[in-house]
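What follows is a single structure, written as structure tokens, with notes after it.
The values are calculated or read from the model by the stated rules, or taken from the named source; none is laboratory data. Given the structure is predicted, the values throughout are model-derived calculations rather than measurements. Glycine gets a Cβ as well: all are built from the backbone with ideal geometry, and neighbour counts include every protein chain shown.
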Amino acid sequence: MIHSNALVLLAVFLCCLSPAFAGDQPSTKDLALDECVSVALSQNPRILSATQRVVGARERVAGRQAVKLPQIEFRAEAMKYDWLPANKRNILGGTTTDVYSALNLSLLLFSNGRADAAIDSATAQLYASAEELRRTTQDVAFDVIKSYYNVLRLEAILSTREEAAKQMEHYLVVAREKQNIGKAPKLDVLRAEVQLADVTQSRLLALSQLEISRLELLNAMGIPDDGVVVNPIKDDIPAAQFAEYDQFVEEAFMINPEYLRAQHLTEVAEKDVRVARAEFGPNLGLVASYNREGSDFPDISNWNAGLVLSMPIFDAGRTGAKVGEARAILEQNKSTLELISQRIRLAIRSAVLSTQDSANRLIATRKSLEQAQEALSIAQEKYAVGMGSTTEVIDTQVALVQARTNYAQALYDGKVAVAALELAVGRDPAPKKKTVRNAEGLDEL
């Protein structure tokens, strides 16, 4: 139901943006983060591809299960021979034309555990594919979150630098006017020109980076960028910080899709070892056939039924090599499982530390921002009464720009750090849920 709701959201979203394709001006749509994630979960090609891998794995299980069910085959042939043995000539009335048809039945009775192990292997592979789909979904959601907050970060930085550029232009005009009347040295004018050039350059850089980040957001959502602009809704609430990480590690080993997938692949390898070893044993099957044969039309019938037993005696080491290969893959998957376990611990610890670092930087930058704003106010007041210089005002303005940039960086770094922690733990994204009215008049998700 969540998937269908996401499709509805996507349809509404694209309808809202459709005017963009009719004109030269791109259409902008304000979307919250959970709305962007919902669109991505239903639209991103990576998720669609992973979904098809799950479908393929499910069909593989069905194919393995079918081996234990009765197999029925119909066969018909018409052959012309230049010579036939006596028994065939008697059946065919002395002709050399043989028209033959048969309905064959076979049923596997015993395979030394090979069929069951093959089914178990395919089932474990299906579970592994399902976990791969979960991880793909989480990766896509994280890419959306990271791109979303990167757009907000760059919007905040661009706004700060545009405001600073306006202030620098004003300071330059005032410095030139004062220089003309002999109340300011040329150095103040040069200082204002240099700072205006620097701020203008940084503003253009932020503008370019913002455009790129918007394209990255669309790409993460799986939407073509032709005439479409997603405008994230401002979110300036500080992210949470965490101190302990043991609880996250415990949770990860229960739900992390990479870890669970590695476990399932290890199980696949174990079952494949059983499949390979089972080839050393016998196979027993039931076979039956109903045949009709004739020279022009199959008018003579007969039937047969019996048991077929096969047992390998010598295969030049082929089966032993398969067993050795399967065991090597099993050991490799066990090592991979341990490697993923270590990587999960590292990722969680790193994400927890990042939440602490971002929170601490946010506190420090908030304090420096307040101080920079106060310093600029004092410098402007002194400048207004003729007790300060243009250079002093410009320096405090530059300090304020840097403080605001640092604050925005710390704010959105914290949000990305929390998202990285969710990804390291392996929590599934929770897109926005919408209530709909069904035919019975009941609300459902």
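Given the conditions (1) β-branched (Val, Ile, Thr); (2) buried (at least 19 other Cβ atoms within 10 Å of the Cβ); (3) more than 21 Å from the chain's Cα centre (by Cα), report the number of the one that Val230 does not fulfil.
Of the numbered conditions (1) β-branched (Val, Ile, Thr); (2) buried (at least 19 other Cβ atoms within 10 Å of the Cβ); (3) more than 21 Å from the chain's Cα centre (by Cα), the odd one out for Val230 is (3).
Scan segment 199-209 residue by residue and report those that are in contact (Cβ under 8 Å) with a residue 12 or more places away in the chain and either within 18 Å of Asn406 (Cα to Cα) or buried (at least 19 other Cβ atoms within 10 Å of the Cβ) (or both).
Hits for segment 199-209 are Val199, Ser202, Arg203, Ala206, Leu207, Gln209.
For segment 275-316, give me the residue count where each residue is surrounded by 11 or more Cβ atoms within 10 Å (Cβ to Cβ), of a type in the set (Gly, Ala, Ser), outside any loop (DSSP other than H, G, I, E, B) and in contact with a strand residue (DSSP E or B) (Cβ under 7 Å, 6 or more places away or on another chain).
Total meeting the criteria: 5.
Among the residues in segment 150-163, are any polar (S, T, N, Q) and buried (at least 20 other Cβ atoms within 10 Å of the Cβ)?
Just the residues of segment 150-163 that are polar (S, T, N, Q), to begin with: 150, 159-160.
Subset that is buried (at least 20 other Cβ atoms within 10 Å of the Cβ): 150, 160.
There is at least one residue in segment 150-163 that is polar (S, T, N, Q) and buried (at least 20 other Cβ atoms within 10 Å of the Cβ).
Only one residue in Gln356, Gln373, Gln342 is free of Cβ contacts under 8 Å to residues at least 40 places away in the same chain, surrounded by 14 or more Cβ atoms within 10 Å (Cβ to Cβ) and polar (S, T, N, Q). Which one?
Numbers: Gln356 fails: free of Cβ contacts under 8 Å to residues at least 40 places away in the same chain; Gln342 fails: surrounded by 14 or more Cβ atoms within 10 Å (Cβ to Cβ).
Sole residue among the options that is free of Cβ contacts under 8 Å to residues at least 40 places away in the same chain, surrounded by 14 or more Cβ atoms within 10 Å (Cβ to Cβ) and polar (S, T, N, Q): Gln373.
State whether the residues of segment 85-92 include one that is more than 26 Å from Asp120 (Cβ to Cβ) and in contact (Cβ under 8 Å) with a residue 24 or more places away in the chain. Reasoning before the result, please.
Of the residues in segment 85-92, the ones more than 26 Å from Asp120 (Cβ to Cβ) are 85-92.
Subset that is in contact (Cβ under 8 Å) with a residue 24 or more places away in the chain: 91-92.
The answer is yes, given that some residue of segment 85-92 is more than 26 Å from Asp120 (Cβ to Cβ) and in contact (Cβ under 8 Å) with a residue 24 or more places away in the chain.
Given the options Gln342, Gln380, name the one that is assigned to a helix (DSSP H, G or I), out of contact with any helix residue (DSSP H, G or I) (no Cβ under 9 Å at 6 or more places or on another chain) and not β-branched (Val, Ile, Thr). Lay out the reasoning, then the answer.
Values: Gln380 fails: out of contact with any helix residue (DSSP H, G or I) (no Cβ under 9 Å at 6 or more places or on another chain).
One residue alone meets the criteria, Gln342.
Within segment 120-142, can one find any residue that is free of Cβ contacts under 8 Å to residues at least 60 places away in the same chain, farther than 27 Å from Asp34 by Cβ, hydrophobic (A, V, I, L, M, F, W, C) and assigned to a helix (DSSP H, G or I)?
Taking every residue of segment 120-142 in turn, none turns out to be free of Cβ contacts under 8 Å to residues at least 60 places away in the same chain, farther than 27 Å from Asp34 by Cβ, hydrophobic (A, V, I, L, M, F, W, C) and assigned to a helix (DSSP H, G or I).
Could you identify the single residue in Ile394, Ile378 that is at pLDDT below 95 and surrounded by fewer than 20 Cβ atoms within 10 Å (Cβ to Cβ)?
Ile378
Could you list all residues from segment 54-103 that are in a helix (DSSP H, G or I) and not aliphatic (A, V, I, L, M)?
Listed by number, the residues that qualify are Gly56, Arg58, Glu59, Arg60, Gly63, Arg64, Gln65, Asn87, Lys88, Arg89, Asn90.
Within segment 237-274, track down each residue that is aliphatic (A, V, I, L, M), part of a helix (DSSP H, G or I) and more than 14 Å from Leu421 (Cα to Cα).
Residues satisfying the conditions are Met254, Leu260, Ala262, Leu265, Val268, Ala269, Val273.
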